[in-house]
Amino acid sequence: MNISFYNGVSGIKSQQFGIDVIANNITNINKTGFKANFAEFSTIFSSKLSGSLSDPTTNDRGLAITVNSTNTDFSQGVFMPTDNQYDMAIDGKGWFGVIDEKNNFFYTRSGAFSKDANGNLIDANGFYVVGTNANNIQNGQIINNPTLDITLSNPSQQEKITFTKPLILPATATTYVNIQGNLNPKIITQINPKTGLLEEKPNIEVFQTTVIDQNGNENILKITFTKQVPQSSTDIIWNATAEIFDQNKNIINSTQGVLNFDAKGALISNTLTSINNNGSNININLGSNYDGLVSFLNADVNRIIEKDGFKKSNIKDYHIDKNGNVVAIFENGKTIPIYKIAIFNFQNEEGLQKVSPVYYKESSNSGKAVFLNNTSTTIKTKNLEMSNVSLHRALTELIVMQKAFDASSKSITTSDQMVQNAINMKK
């Protein structure tokens with residue numbers, strides 16, 4: 001009967017532990033990034049009363065139960081939309097990395113982030129979110145423009161993310177202008193006031209756009225196309241004059257060229273290829289055959305001017321894309337990636353050491369933090385990953401644990417009655 005006492009006591013202790021775990025799950029059901037825990041139990045050992053190896057049956061009896069471990073369910077929780085542009089949720093595997101004031105490193109799925117007074121990206125507890133720095137800011141200005149997707153550096157070299165303000169995107173000089181459109185060769189006539197005779201009038205087409213010089217000034221590029229009159233052959237020949245003006249309409253530079261189109265309107269030769277824009281050269285691309293300028297009779301061809309270069313611009317806002325790039329958006333519409341939020345992964349995430357409801361630390365069982373080499377994981381901005389606790393499952397397990405607790409306590413009282421009856425038999 002002593003064994004039944006200890007079995008009952010161990011059952012009460014173990015079921016109480018299980019109830020504590022379930023209660024903790026229920027308590028944290030609305031906590032972002034929380035992962036549900038489950039208590040696992042095991043029999044301590046068994047005792048065999050008698051018998052031989054040839055017995056067809058056994059007569060073992062269990063000697064109590066104990067808590068074996070607490071396992072964590074790392075399955076993904078549901079996403080909840082928010083209005084905060086800094087809130088993030090990981091869609092797929094992976095962990096955010098955060099550091100505290102003492103540079104202690106933690107991993108979390110809770111992406112309730114915001115910006116502190118110094119422009120740092122922090123979580124709800126003030127820990128700094130880490131990522132890879134593109135190192136393209138110097139003295140408040142962009143010094144180079146990396147690719148649209150920053151490559152994460154070594155996992156141990158991540159640093160806190162800072163939204164730099166004010167931030168300036170320096171001007172970039174225009175290096176090319178691509179022009180598409182139609183130079184209509186339709187014959188236009190007029191009466192010569194001197195001779196009184198009807199004669200052909202030169203066709204004139206004008207293309208104009210703004211360009212940026214090496215000093216960041218916005219100038220005007222004007223190209224005037226004038227059809228040669230009369231035409232000397234079956235080809236269509238246009239003279240071209242390119243001019244650069246400043247904002248006060250003062251001419252800075254000019255150059256000339258000749259365009260030759262065949263009878264079908266395709267550009268077959270061109271001598272207007274570039275112009276100097278106050279010290280920086282602009283390549284003028286008018287195309288060839290039918291991929292640039294054409295000369296069709298009365299044809300409706302859209303005018304398209306493509307160019308690079310832009311004026312100096314101030315930072316307007318920041319945006320985080322689905323790949324975790326922190327992108328600076330400037331007033332001129334240009335976007336430059338500044339950081340990339342690090343998403344860590346582990347060979348055995350069940351081996352992570354839990355230090356709080358939503359924070360974990362690396363351990364020898366989890367392995368070293370690495371980065372995922374696939375695109376299956378993305379970041380959902382303006383979303384939070386909620387707890388993965390299933391309330392109906394938790395309540396069901398709570399009832400089971402409660403009944404097991406009652407049954408264990410009942411075995412103690414039953415054993416007590418049996419002992420009392422045995423004592424009474426001696427009286």
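The values are calculated or read from the model by the stated rules, or taken from the named source; none is laboratory data. Here the structure is a predicted model, which means the values were calculated and not measured. Here Cβ is always computed from backbone atoms with ideal geometry, including for glycine, and neighbour counts include all displayed protein chains.
How do the strands (runs of 3 or more DSSP E) wholly within the range 241-333 filter down when requiring 2 or more residues that are crowded, with 16+ Cβ neighbours inside 10 Å and not assigned by TED's automatic domain parsing to the domain that holds Pro185: which remain?
It comes to 313-320, 325-330.
Could you please let me know if Lys368 is on the phi < 0 side of the Ramachandran plot and either of a type in the set (D, E, K, R) or outside the structural domain of Phe17 (by TED's automatic domain parsing) (or both)?
Considered against the rule, which asks whether it is on the phi < 0 side of the Ramachandran plot and either of a type in the set (D, E, K, R) or outside the structural domain of Phe17 (by TED's automatic domain parsing) (or both), Lys368 comes out as yes.
Test of understanding: among Gly97, Gly126, which residue is in the same structural domain as Gly367 (by TED's automatic domain parsing) and either in a loop (DSSP other than H, G, I, E, B) or of a type in the set (D, E, K, R) (or both)?
Gly126
Can you find even one residue in the range 136-145 that is closer than 30 Å to Leu221 by Cα, under 21 Å from the mean Cα position of the chain (by Cα) and part of a loop (DSSP other than H, G, I, E, B)?
There is at least one residue in the range 136-145 that is closer than 30 Å to Leu221 by Cα, under 21 Å from the mean Cα position of the chain (by Cα) and part of a loop (DSSP other than H, G, I, E, B).
If I filter the range 384-418 down to residues being assigned to a helix (DSSP H, G or I) and of a type in the set (Val, Ile, Thr), which single residue comes out as surrounded by the most Cβ atoms within 10 Å (Cβ to Cβ)?
Checking each candidate, the answer is Ile412.
Here is a yes/no grid of residues against (1) closer than 30 Å to Asn7 by Cα; (2) among the charged types (D, E, K, R); (3) modelled with pLDDT of 80 or more:
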site: Val370; (1), (2), (3): no, no, yes
site: Asn374; (1), (2), (3): no, no, no
site: Lys380; (1), (2), (3): no, yes, yes
site: Leu384; (1), (2), (3): no, no, yes
site: Arg393; (1), (2), (3): yes, yes, yes
site: Thr396; (1), (2), (3): yes, no, yes
site: Lys403; (1), (2), (3): yes, yes, yes
site: Ser408; (1), (2), (3): yes, no, no
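With the checklist (1) under 30 Å from Asp321 (Cα atoms); (2) part of a helix (DSSP H, G or I); (3) of a type in the set (Ser, Thr, Tyr) in hand, flag the one item Ser376 doesn't pass.
Looking at each condition in turn, Ser376 falls short on (2).
Would you check which residues across the range 267-309 are within 39 Å of the chain's Cα centre (by Cα) and on the phi > 0 side of the Ramachandran plot and list them?
Passing the criteria: Gly287, Gly309.
For the condition in contact (Cβ under 8 Å) with a residue 60 or more places away in the chain, more than 26 Å from the chain's Cα centre (by Cα) and on the phi < 0 side of the Ramachandran plot, what is the one hit in Ile399, Ile320, Ile379, Ile412?
Ile412
Looking only at residues that are among the hydroxyl-bearing types (Ser, Thr, Tyr) and over 28 Å from Ile282 (Cα atoms) in the range 158-203, which one is surrounded by the most Cβ atoms within 10 Å (Cβ to Cβ)?
The qualifying residue surrounded by the most Cβ atoms within 10 Å (Cβ to Cβ) is Thr162.
Would you check which residues across the range 111-157 are buried (at least 19 other Cβ atoms within 10 Å of the Cβ), under 21 Å from Leu372 (Cα atoms) and in contact with a Ser or Thr (Cβ under 9 Å, 6 or more places away or on another chain) and list them?
Within the range 111-157, Gly111, Thr132, Asn133, Ile150 qualify.
List the pairs whose first member sits in the range 161-179 and is more than 29 Å from Ile122 (Cα to Cα) and touching a residue at least 12 places away in the same chain (Cβ under 8 Å), whose second member is among the acidic types (Asp, Glu) and assigned to a loop (DSSP other than H, G, I, E, B), and whose Cβ atoms are under 8 Å apart, counting only residues at least 6 apart or on separate chains?
Note: pairs meeting the criteria are Thr172/Asp308; Ala173/Asp213; Thr174/Asp213; Thr174/Asp308; Thr175/Asp308; Tyr176/Asp308.
If we scan the range 208-230, do we find a residue that is among the hydrophobic types (A, V, I, L, M, F, W, C) and assigned to a loop (DSSP other than H, G, I, E, B)?
yes
Failed condition for Asn260, given (1) in contact with a strand residue (DSSP E or B) (Cβ under 8 Å, 6 or more places away or on another chain); (2) under 14 Å from Glu205 (Cα atoms), with all others met?
Condition not satisfied by Asn260: (2).
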